[in-house]
Every structure is written in C-alpha cells, then in structure tokens.
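Once you've had a glance at the structure underneath, I'll fire off some questions.
The values are calculated or read from the model by the stated rules, or taken from the named source; none is laboratory data. All values derive from a computational prediction rather than experimental measurement. Backbone-built Cβ (ideal geometry, glycine too); neighbour counts: all protein chains shown. Side chains included, ligands, DNA and RNA excluded: accessible areas come from the protein's heavy atoms. Shrake-Rupley method; radii C 1.70, N 1.55, O 1.52, S 1.80 Å.
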Amino acid sequence: MCRVVAKCMAAVLVATVTALVLGVSAGYVLARTIVLRVAEDRLIHQTVRSLAAADADTAVARDALAAMNASPYAYCSDAELTYFRHILFRSVYLREGGRMGADGRIDCSTTLGRDALPQERFKAVDTERDGSRVYWNLAPFRTSKEATSVLQEGTSYVDGAMQTHSEGLPPGASMTLTLRDVHGQSINLSATGVSFVKNGYRSVDGILSDTRCSVHDPYCVTGSIPEVEAFHLGRSMFAACMTLMGVVGLVFGLGWSFVLCHKWTRGQQLRRAIRRDELRIAYQPVVDLASGRIVGAEALARWRDEDGLEVPPDVFIPLAEHGGFVGEITRLVLRHVLCDLGDLLRSVPDFQVHVNVTAWDLAAAGFVPRMEVVLERAGVSPESVAIEITETSTANNPRAIEAIRQMRLAGHRVYIDDFGTGYSSLGYLQELSVDAIKIDKVFTRAIGTGSLNVNLLPQILAMAEALHLEIVVEGIENAEQARYFATGKRIRGQGWLYGRPMPAAEFLEVLAVDRERPEWKIMQDGYGQDRRYTSPTASTTA
Ligand code: C2E
Ligand code: MG
Ligand code: MG
C-alpha cells in the first residue's frame with residue numbers, strides 16, 4: 001500500500017507540474033494570439049481613421065483649388081493673390097498657394113509674392129488621372145521637418161502640411177504618411193533605399209504594421225507598433241490567460257493523477273487481476289478426525305498485487321464485496337476448482353471441495369441455477385461441491401435463506417462458516433436448515449488457554465448433535481487441540497496440523513500419499529506429531 005501511496009504522490013507531483021506547465025504555456029499562446037489580434041484590429045482601425053482624416057484634408061485642398069481656378073482676377077495680380085490668401089486662411093491645413101505653369105515654374109505665391117521666386121522648374125512626383133499633379137516637400141516652402149505635399153490643378157497650386165492624425169494611438173505606436181505610386185503601393189524611403197509596400201496588415205521583424213493608400217490622392221498611411229509594445233499593452237491579458245489556463249491545468253492535473261491513483265488502488269488492481277485471471281487457488285485439506293483421512297479440501301483464493309505483495313483474502317474479499325464484484329471471484333474460484341480437481345471430483349464421489357460464497361452471491365439473481373449449469377457442463381455432481389457461508393451473510397436475509405434452500409435441493413452440502421462468531425442461535429440454525437457448521441478457530445485456539453470460549457465448545461457440540469448437524473473444526477494447529485475433538489464421533493477438522501493451504505498440484509500429491517497409507521489408529525497412536533503429512537509408516541508408528 002505504501003508503494004501505491006508513493007506512486008500516487010509521484011503521479012500527483014508529475015501530473016500537476018506537467019499540467020500546470022502545459023496550462024501556463026497554453027495560456028501564453030492564447031494570450032499572445034488574442035493580444036496580436038487585438039493589436040491588429042486596433043492598428044487597422046486607426047490607419048483607416050487616419051486615412052479618412054487625410055482624405056478630408058485633401059478634399060479641402062481640392063475645394064480651395066477649384067475656387068482659385070475660378071479666380072475673377074487677373075493672373076497673378078495683387079488682387080488675385082489677396083483673393084488666394086482669403087481662401088487659404090480658411091483652412092488650418094493649407095499654408096501656401098499660388099500659380100504654377102505646366103512647365104513646373106512657380107509664377108506667383110501667397111507667401112513669396114511675384115519677385116523672390118525660385119527660378120527652377122519643379123517636377124511633379126505624380127500626375128493623377130484627373131490631371132492634377134503632386135509635388136512632395138516642395139523646396140521653397142519646406143520650412144520644417146514636417147512633410148508637405150503640393151497639389152496642382154490647372155495653373156493653381158496649394159501646399160499643405162501632411163498630417164497623420166495620430167491622436168488616440170497607444171504608446172509605442174506611430175502613424176506615418178508616405179507617397180503612393182501609380183500601382184497604389186506606398187513608397188517608403190529609407191536610408192537603405194526605396195521600397196514599395198502593398199495595402200494591408202503585416203508583421204515583419206517584430207513590427208506590426210498596417211498600410212492604407214488613398215484611392216483619390218497620392219499618399220498612403222502606415223500605422224505601426226513593435227510587437228513588444230503590443231505585448232506590454234496586453235500584459236493584463238497575459239496575466240489573466242496564463243493564470244486561468246494554469247488553474248485549468250492544475251485541476252486537470254489533479255484529476256488526471258486521481259484517475260491514475262484510482263487505477264493503482266487495490267480495488268482496481270484486483271479487478272484487473274480477476275480480468276486477467278491472475279488469482280490463484282490454494283487447497284487446504286479437510287480431514288476426518290476419526291480416521292485421519294483427507295475427505296475434502298477448502299478452496300481458498302490467493303492474490304498477489306501489482307507490487308508483488310500477497311494480499312490476504314480477509315482484505316481483498318471485503319474489497320471486492322464493497323466494489324460489488326465479489327461474484328466474479330466466486331465464479332473464478334469455481335472455474336479453477338473444476339479445472340484443478342475436476343478429475344478427482346468426477347472419480348471420487350465422496351470427496352468434497354468446499355467453496356466460500358458471500359452474501360452478495362446469495363443475493364444475486366440466478367446464482368444457484370448458473371452454478372448448476374457450470375457443474376453440469378463439467379460433469380461434476382453438486383454433492384461434490386460444498387458451500388461455505390458465514391453466519392453474518394445469511395442472518396435475517398430471506399434471499400440468502402432461499403438460495404440455501406435451492407442449493408440444498410440441488411444436492412450441495414451447505415456449511416455455516418466461522419460458526420460462533422456471528423448470530424448463532426438455535427432458532428436461527430433451524431430456520432436456515434444447513435448441513436453442517438464449521439466451528440471457528442477462535443474456539444480451537446482457546447483450548448488449553450483457560451479462555452471462556454472453551455466452555456462454549458461442549459454446548460456447541462451438543463447443539464450440533466441435537467440438530468443432526470455435521471461438524472468441521474477449523475484451525476487445528478497442534479495435537480492438544482486435535483485430541484480435544486477426538487471424541488469418536490464423526491467430526492471433520494481442518495488446520496495447519498493436517499496441512500496448510502497449498503497449490504492444486506501439491507494437494508493432489510498429498511492426497512495420493514494419503515490414499516495409499518493405512519488408516520490412522522488415532523486413539524491408539526495419539527497426536528504426537530505437529531505435521532499431518534509425515535510418511536505413512538511414521539504416522540502409524542509414532
Ligand atoms: P475461512 O473460509 O474461514 O477459511 C479458513 C481460513 O483459516 C483460511 O484463511 C485458512 O488459511 C486459515 N486457516 C486454516 N487452518 C488454520 C490454522 O490452523 N491456523 C490459522 N491461524 N489459520 C488457519 P485465509 O485463506 O486467509 O482466508 C481467510 C478468509 O477469507 C476465509 O476464511 C474466507 O472467509 C475468505 N476467503 C478465502 N478465500 C475465499 C474465496 O475464494 N471466496 C470467498 N468468498 N471468501 C474467501
Ligand atoms: Mg471457509
Ligand atoms: Mg472459517
């Protein structure tokens with residue numbers, strides 16, 4: 001049992017630690033997936049919002065350009081520049097505007113006027129389908145590090161500070177504006193060169209980013225956040241998922257170890273042993289005390305558990321009774337008995353094998369008819385199989401009483417086992433109507449000890465005689481005890497003095513020897529030996 005406990009403790013430890021580690025790992029993976037998914041959704045949402053805001057700015061620029069192109073004043077006149085200023089002042093986004101020829105030369109500007117203008121011709125980075133042209137960070141107007149874009153429609157242009165509308169971005173995230181190429185890709189300029197990035201969400205080198213390009217205007221917005229920042233933002237999610245899954249793992253681990261422990265418990269081991277037919281049967285001789293001859297044997301179940309320890313039947317039979325599968329043991333014992341002693345039982349009709357039966361068996365529907373079928377198939381007469389029943393299993397149990405009646409009717413001899421330890425009473429014995437009693441070994445053990453139990457023995461013997469019951473005395477270990485019962489009446493006995501429970505092959509050998517020797521002259525020779533199976537010559541002359 002200690003080994004089972006140790007094994008169980010080890011299982012609990014291993015199973016819980018493993019399940020805990022697995023649970024926490026699964027929690028990490030789950031949290032990571034959720035956090036990345038949330039970061040993706042938030043990033044896309046913010047990029048789309050930022051692009052919509054940029055598109056709104058551009059719409060303002062286009063409105064301004066339309067108004068400028070509809071100028072009622074002379075080209076680049078003072079009045080026209082004043083008119084342009086009025087238009088531009090209405091927008092916080094537009095900082096500058098004026099006239100620019102198709103050749104890319106600025107003719108007049110709301111900030112530089114008409115005289116201090118750059119002489120170079122500017123080249124548009126893009127020409128839209130509607131003919132409008134885009135200049136990026138136009139040199140004369142670029143006053144800060146802020147990106148600017150110049151939009152030209154007809155001969156009017158406006159210059160706006162590109163805004164990324166990054167309000168509401170989580171810490172560590174950024175929103176950038178880039179130019180869009182004709183294929184609708186973002187043009188990314190970096191120290192290492194130019195790269196083109198398609199619309200959409202991606203995760204590259206630990207950076208989560210989402211790029212959205214304007215449909216009408218030549219720019220794109222890219223929102224990005226390093227993965228570590230996203231994880232940092234989602235730390236409470238990590239804590240929650242890892243704790244939750246850790247607890248789930250722990251519970252699962254405990255459940256798992258419980259199942260394992262349950263599997264290793266004696267009850268489960270016993271069930272497995274029965275299923276695998278691993279129980280053994282030992283046969284203990286039952287002798288006729290008057291002649292000393294072996295007249296029968298009691299079949300006793302033996303079981304070695306999975307740790308190799310011999311478990312006494314006093315322990316495993318109640319275990320099977322509580323588990324509700326003791327009937328399987330009875331069936332197994334009967335099967336083995338018929339296999340081990342079948343030939344003997346068929347050929348020696350007055351030899352009896354005793355089989356122990358429990359209250360569960362007696363209460364089971366069809367127990368007696370099933371047993372009869374098995375015996376019939378084996379060609380063994382019911383008279384050759386005696387049934388031992390304990391008093392406690394039969395007391396006040398109508399089904400047991402009925403089963404006993406049926407068994408006696410079928411031809412079995414029924415014995416009350418461990419007589420004297422249960423509900424013994426005259427009335428009870430009459431009601432049960434059995435064939436014999438087996439006087440429990442506590443009485444035998446009391447002989448020569450002065451115990452009160454010895455005083456009960458003459459009464460038990462007298463009562464049995466009055467009720468015409470046969471007697472078997474259990475637990476005869478020494479000559480003194482044997483002598484006590486050597487009254488000349490036909491009493492049977494069982495005990496270590498005559499032979500301990502032994503395997504079938506050994507029992508058959510012992511029986512063969514017994515059959516060949518002359519009958520004991522009990523009264524004459526006495527009971528000088530402690531062992532029953534000395535040589536026949538020694539037995540008779542001792
Ligand atoms: P039981 O039916 O009263 O069997 C007699 C018990 O006394 C056996 O113990 C036997 O080994 C032991 N015994 C025999 N002679 C002596 C002796 O001289 N001195 C001492 N001290 N003991 C002696 P065992 O085999 O340990 O069985 C214990 C009990 O377990 C049995 O008592 C019986 O109630 C039960 N049992 C054993 N096998 C089976 C079985 O196959 N089915 C059922 N239902 N019960 C069984
Ligand atoms: Mg018995
Ligand atoms: Mg007994």
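Tell me yes or no: at least one residue of the range 55-76 is surrounded by fewer than 18 Cβ atoms within 10 Å (Cβ to Cβ), at pLDDT below 90 and under 60 Å from the mean Cα position of the chain (by Cα).
Yes, that holds for at least one residue.
While we're here: Lys7 is checked against (1) open to solvent by 70 Å² or more (accessible area, probe 1.4 Å); (2) assigned to a helix (DSSP H, G or I); (3) under 30 Å from Thr178 (Cα atoms); (4) of a type outside the set (A, V, I, L, M) and fails just one. What number does that condition carry?
Only one criterion in (1) open to solvent by 70 Å² or more (accessible area, probe 1.4 Å); (2) assigned to a helix (DSSP H, G or I); (3) under 30 Å from Thr178 (Cα atoms); (4) of a type outside the set (A, V, I, L, M) is unmet by Lys7, namely (3).
Does Glu388 satisfy the criteria of being open to solvent by 40 Å² or more (accessible area, probe 1.4 Å), in contact with a Phe, Trp or Tyr (Cβ under 7 Å, 6 or more places away or on another chain), acidic (Asp, Glu) and within 13 Å of ligand 1 (Cβ to nearest atom)?
Judged against the criteria, Glu388 is not a match.
I would also like to ask the following. Residues to consider are Gly427, Gly488, Gly448, Gly475; find the one that is within 16 Å of ligand 1 (Cβ to nearest atom) and at pLDDT below 90.
Every option except Gly448 fails the conditions.
Okay, moving on. Restricting to the range 430-445, what's the tally of residues that are away from ligand 1 (no atom under 16 Å from the Cβ) and aliphatic (A, V, I, L, M)?
1
Continuing with this model, one more query. For Ile447, indicate whether it is crowded, with 18+ Cβ neighbours inside 10 Å and either within 47 Å of the chain's Cα centre (by Cα) or in the same structural domain as Asp340 (by TED's automatic domain parsing) (or both).
No; evaluated as a whole, the condition is false for this residue.
Each row is one residue, and each column tells you yes or no for (1) under 21 Å from Val472 (Cα atoms); (2) β-branched (Val, Ile, Thr).
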| site | (1), (2) |
| --- | --- |
| Asp361 | no, no |
| Pro369 | no, no |
| Val373 | no, yes |
| Arg377 | no, no |
| Ala386 | yes, no |
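I'm checking my understanding of the structure. Among residues of the range 475-504 that are more than 11 Å from Gln284 (Cα to Cα) and open to solvent by 70 Å² or more (accessible area, probe 1.4 Å), which one is nearest to ligand 3 (Cβ to nearest atom)?
Per the stated criteria, the residue is Glu477.
Answer yes or no: is there a residue in the range 224-238 that is farther than 30 Å from Val24 by Cα, modelled with pLDDT of 90 or more, open to solvent by 40 Å² or more (accessible area, probe 1.4 Å) and basic (Lys, Arg).
No, there is no match, as no residue in the range 224-238 is farther than 30 Å from Val24 by Cα, modelled with pLDDT of 90 or more, open to solvent by 40 Å² or more (accessible area, probe 1.4 Å) and basic (Lys, Arg).
What residue, of Asp440, Asp417, Asp435, is open to solvent by 20 Å² or more (accessible area, probe 1.4 Å), under 22 Å from Ala297 (Cα atoms) and acidic (Asp, Glu)?
Answer to the check: Asp435.
Right, next: So which residues in the range 391-402 are among the small types (Gly, Ala, Ser) and either at pLDDT 95 or above or open to solvent by less than 10 Å² (accessible area, probe 1.4 Å) (or both)?
Result: Ala400, single match.
Checking Pro458 against (1) touching a Phe, Trp or Tyr at 6+ places or on another chain (Cβ under 9 Å); (2) more than 12 Å from ligand 1 (Cβ to nearest atom); (3) over 25 Å from Ala400 (Cβ atoms), only one condition comes out false. Which one?
(1)
Would you confirm, using the coordinates I've provided, whether Val472 is of a type in the set (A, V, I, L, M, F, W, C), within 13 Å of ligand 3 (Cβ to nearest atom) and crowded, with 17+ Cβ neighbours inside 10 Å?
It is true that Val472 is of a type in the set (A, V, I, L, M, F, W, C), within 13 Å of ligand 3 (Cβ to nearest atom) and crowded, with 17+ Cβ neighbours inside 10 Å.
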